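These notes are about the structure you will find just below.
The numbers here are math on the coordinates, done by the rules we state, and not lab data. As the structure is a prediction and not an experimental result, all values here were calculated from the model. Positions of Cβ are generated from backbone atoms using ideal geometry, with glycine treated the same way; all protein chains shown enter the neighbour counts.
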Ligand SMILES: Cc1cc2nc3c(=O)[nH]c(=O)nc-3n(C[C@H](O)[C@H](O)[C@H](O)COP(=O)(O)O)c2cc1C
């Protein structure tokens with residue numbers, strides 16, 4: 001399959017693995033890139049420029065294919081050293097940066113000068129258009145279904161993607177709810193140039209997370225996610241658990257007077273406990289509704305090959321058969 005996304009990033013298949021906190025390590029990014037997609041290391045999980053440089057070097061040893069680094073700008077208590085982290089990405093010879101959470105404009109000149117392609121993740125058409133205007137090479141359009149931060153507009157991908165296709169000139173991938181060949185063919189039909197997957201890539205052999213996390217995704221249905229932090233306008237879609245129930249009760253109890261400090265125990269610093277130690281009730285962790293479509297944890301190579309082969313079959317057999325009937 002050749003799309004504007006495969007051409008832009010020099011990859012074989014139009015499949016991207018979105019940055020994921022405490023999941024997007026070199027092992028997963030390299031596996032996705034080796035399978036012909038675009039793997040992405042999560043910059044802020046590493047935290048310091050030294051650790052990020054080490055992770056990029058590890059990934060370079062595991063693959064000779066292009067891979068990217070995610071840089072997320074979200075409200076945090078202690079802002080990371082962004083200038084040094086971006087310089088580390090440039091020095092590491094990385095060719096793609098995925099930005100998310102806020103406008104990346106101030107970083108574009110240094111990234112462009114280094115020949116780096118920038119894909120910005122957005123949850124609305126207006127933000128996608130802004131990304132195009134400031135010079136991003138592509139966007140990742142995240143629908144309401146997505147794991148992580150879906151924004152505050154609540155527009156699902158069946159509306160958001162064709163709206164993006166109508167307005168954008170730059171290539172874009174569909175993100176949120178993407179799991180299989182059906183998602184890929186649907187996304188291409190709606191005008192996207194490929195797909196970005198988060199939750200689906202966690203349930204793979206190479207994702208370096210605790211087995212409990214993979215089993216939680218496999219065991220979950222499409223009814224098992226919840227939206228938290230909505231009153232703070234920092235909405236996150238997470239898998240339901242006892243910590244999330246506690247958090248939602250707190251939100252209900254405090255209403256408009258809720259502050260971040262009221263829920264800090266359920267959201268701050270919980271990722272290592274969940275992803276690495278497998279303490280599944282340690283706090284709220286991002287997960288997409290797409291968990292309802294995931295019932296195995298294959299290798300990344302098997303997953304990507306399956307998506308591509310089944311997409312060919314859907315187009316050549318099912319769709320062509322319907323058209324020619
Ligand atoms: C566990 C987890 C952690 C995530 N962490 C980040 C992150 O640090 N930065 C970011 O831009 N997106 C993050 N995301 C969002 C993903 O990159 C991707 O956009 C999203 O998962 C797509 O929706 P899906 O899960 O339905 O595939 C995370 C998603 C998950 C499931």
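Secondary-structure-derived ellipticity at 222 nm for the chain, considering helices only, amounts to -11500 deg cm²/dmol, per-run term -39500 (n - 2.57) for DSSP H runs with n ≥ 4. The base-10 log of I(q)/I(0) for the range 166-325, evaluated at q = 0.12, 0.18 Å⁻¹, reads -0.64, -1.09 [Debye formula, identical scatterers on Cα atoms, solvent excluded]. The length gained by stretching the chain between residue 78 and residue 48 to full extension, at 0.36 nm per residue less their Cα-Cα distance, is 9.6 nm.
An ellipsoid equivalent to the range 257-325, defined through the eigenvalues of its Cα gyration tensor, has semi-axes of 42, 17, 8 Å when rounded to whole angstrom and sorted largest first. Derived from the Cα gyration tensor, the three semi-axes of the equivalent ellipsoid of the chain are 28, 24, 20 Å, largest first. When Rg and the Kirkwood Rh are both derived from Cα coordinates, the Rg/Rh ratio for the range 84-137 amounts to 0.97. Of the three principal axes defined by the Cα atoms of the range 54-185, the extents in descending order read 40, 31, 31 Å. May I ask for the Rg/Rh ratio of the range 117-191, computed from Cα atoms with Rh as the Kirkwood radius, given to two decimals? For the range 117-191, the value is 0.93. Sequence-distant contacts, meaning Cα pairs under 8 Å at least 6 residues apart, place the relative contact order of the range 211-289 at 38 percent.
Gyration tensor analysis over the Cα atoms of the range 211-289 returns equivalent ellipsoid semi-axes of 22, 14, 9 Å (largest first, whole Å).
The relative contact order of the range 101-229, computed from alpha carbon pairs under 8 Å that lie at least 6 residues apart in sequence, is 17 percent. Extension gain, residue 166-residue 313: 0.36 nm per intervening residue step, less the Cα-Cα distance, totals 50.2 nm. Under 17 Å from a label point set 7 Å out along the Cα-to-Cβ vector of residue 279, the amide N atoms of the range 237-251 belong to 241-247. Take every pair of alpha-carbon atoms less than 8 Å apart whose residues are at least six positions apart; their mean separation over the length of the chain yields a relative contact order of 17 percent. Each of 184, 190 was scored by other Cβ atoms within 10 Å of its Cβ. Arranged with the fewest first, they read 190, 184.
Over 21 Å apart: what share of the alpha carbon pairs of the range 47-117 falls there, rounded to a whole percent? That fraction is 22 percent.
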